[in-house]
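Student: For reference, the structure I am asking about is given below.
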Amino acid sequence: MVGTTDQTLRPFLWRAAKLYPDREIVSRTHEGLSRTTYAAYDRRVARLANALDDAGVSRDARVGTFCWNHTRHFETYFGVPCRGSQLHTINPLLPDHHVQYIVENAADELLFVDPSLVESLESAATDADGAFDAVEQFVVMGSDVPETSLDPVTDYESFLADDETYDWPDLDEERPAGMCYTSGTTGKPKGVEYSQQTMWAHTMGILPEAGLDLRASDVVMPVVPMFHVMAWGLPHAVTAAGGKHVYPGPAPDPADIARLIEDERVTFTAGVPTVWLGLLDYLEENDADLSSLERIAIGGAAAPESLIREYEESYDVQVLHAWGMTETSPVAAAAHLKPGMESWPAEKRDRKRVKQGLVLPGLEFKVMGEEGEIPWNGEDFGELWIRGPWVTTEYFGRPEANETDFVDGWLKTGDVVTVDPEGYIQIVDRAKDVIKSGGEWISSQELENAIMAHDDVTEATVIGVPHEKWQERPVAFVVAREGVGGGPLMADIRDLLAEDYPEWWLPDDVVYVESIPKTATGKFDKKVLRDEYADHEIDDVPEEAAPEEE
Ligand code: AMP
């Protein structure tokens, strides 16, 4: 038995436009605040689908976006996949050569780009004319086009067709509908494709209480960028619920976030810990009315217990700690309390809420230790393996990674976890050799290879050191050629890296060592360094060393 139709995205918007026509979609944009409704949004989405037809974009195309969180970007979330194409959201904070690789690898036919990101896209473009090989057209998200070498280029408002209706095709649920690249990997970023069905299943997975508990009465502001695994699926799921959307626009700061919560009466918001630590700092110095805010979903990196407690005690806001990956669409676990736990003493309760949580209904996991599956005793640990209707089964065009990262339909997550007797997963380590700073990945291997290219360096390794604001920051350990070292070499190393990497990738500290500890097989033993330098004091990272969004 199967249903009368496939599992596809279009019915979510059809229902919202019919049942909640006046519910609002609000957005901070570079042109000020915009405000629309599902009914009007649905017509704009039809105009976008017609425009893609008129522009000759094939139904099978991948269409890229290089954008912040705003309503025009949200229009692509339904306009592109519901006509049968694949929405590929690209992270503009990545180093140029990663953006270049990602666009080429995905062979995007058309790219939507924010005005404030045009320059970044230009600098990532493959040749002097500002063109990527497969890209046939650029569309700037606004009503005019800034001076640019991107060509051919038009502005979004002129690009939209006039026809406000579209003959939406009945799509096969296996049809590719979305794509994101993950940088949480050694080597080149890996593409993860989403089908109509995986996106449908993820939407249905996060809607109920055991997921993110989204309701028609909610006013939801995804602060998590729309280029991070489709803003954790919120734009689609909030539509499915009939909730009000609030998009915080380009590079929102804590003041923007506080103002939007207050003005739009936001009830639910989501993002990485750094954002919420930043908002707390802001609130210490500034007044804001957070009385509408009920819940914050925090994920992408571990939410500190103090953060969870502070929001609850000072602002009466519940923090829901969630876990997921690009490969899991992304939301796969959330630290909900089980019945009865609400009345536990605060400390005991928070020890549960600080974990990565309970797997969402529909998914299965197991934890593989050295001798097979580990017991759920909160102490033994192993690698988390997961499977389910919104967990990917392969990487795009990467057979070698498929060999190592999947076993019999299970995704090996690379996260090392314990599971307590109540089934709460907790991450205790990471098998992947990468650093996550403010929710964004930094490749330690790329940095160390680049540092080792310096004439005065004989060996180098880079590890992530815990940091109060960014969770982790990179620190380099360098064996200098005899007779050199100290300040000038550190400045040289940072200059060398700055040629290819954004400021926020550069190590905050360079530590000179006689030798780097090695494992029995001669590899750098980062575990030894991580243990030894867990309390390493790094001076405050300058603001510009952080991802812009934070
Ligand atoms: P990404 O694919 O960029 O979403 O990164 C996924 C990875 O981020 C996971 O495999 C974890 O290593 C990490 N991660 C995600 N959520 C959490 C969390 N709540 N706590 C700790 N690490 C997390």
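Student: If you look at just the Cα atoms of segment 435-532, how large are its Rg and its Dmax in Å?
Tutor: Using the Cα atoms of segment 435-532, the pair Rg, Dmax is 12.9, 38 Å.
Student: Still on this model: For segment 358-430, with only Lys/Arg (+1) and Asp/Glu (-1) charged at the beta-carbon, what is the dipole magnitude about the Cα centre, in debye rounded to 20?
Tutor: The calculation lands at about 340 debye.
Student: By the scheme Lys and Arg +1, Asp and Glu -1, what is the net charge of all other residues having a beta-carbon under 11 Å from that of residue 134?
Tutor: Here the charged neighbours net out to -4.
Student: Can you give the % of DSSP beta bridges in the chain that are antiparallel, to the nearest 5?
Tutor: Working: 52 of 89 bridges.
Given both bridge residues lie in the chain, the antiparallel proportion sits at roughly 60 percent.
Student: May I ask you to list the GluC sites (Glu not before Pro) in segment 151-227 that are in a DSSP loop and have at most 12 other Cβ atoms within 10 Å of their Cβ?
Tutor: 174, 209
Student: Further question on the same structure: Please give the length that would be gained between residue 18 and residue 459 if that part of the chain were fully extended, namely 0.36 nm times their separation in residues minus their C-alpha to C-alpha distance (nm, one decimal).
Tutor: Length gained between residue 18 and residue 459: 152.5 nm.
FYI, it's all coordinate maths here, none of it is from the lab. Predicted model only: the values in this text are computed from it and were never measured. Ideal geometry is used to build each Cβ from the backbone, glycine not excepted, and the neighbour counts take in all protein chains shown.
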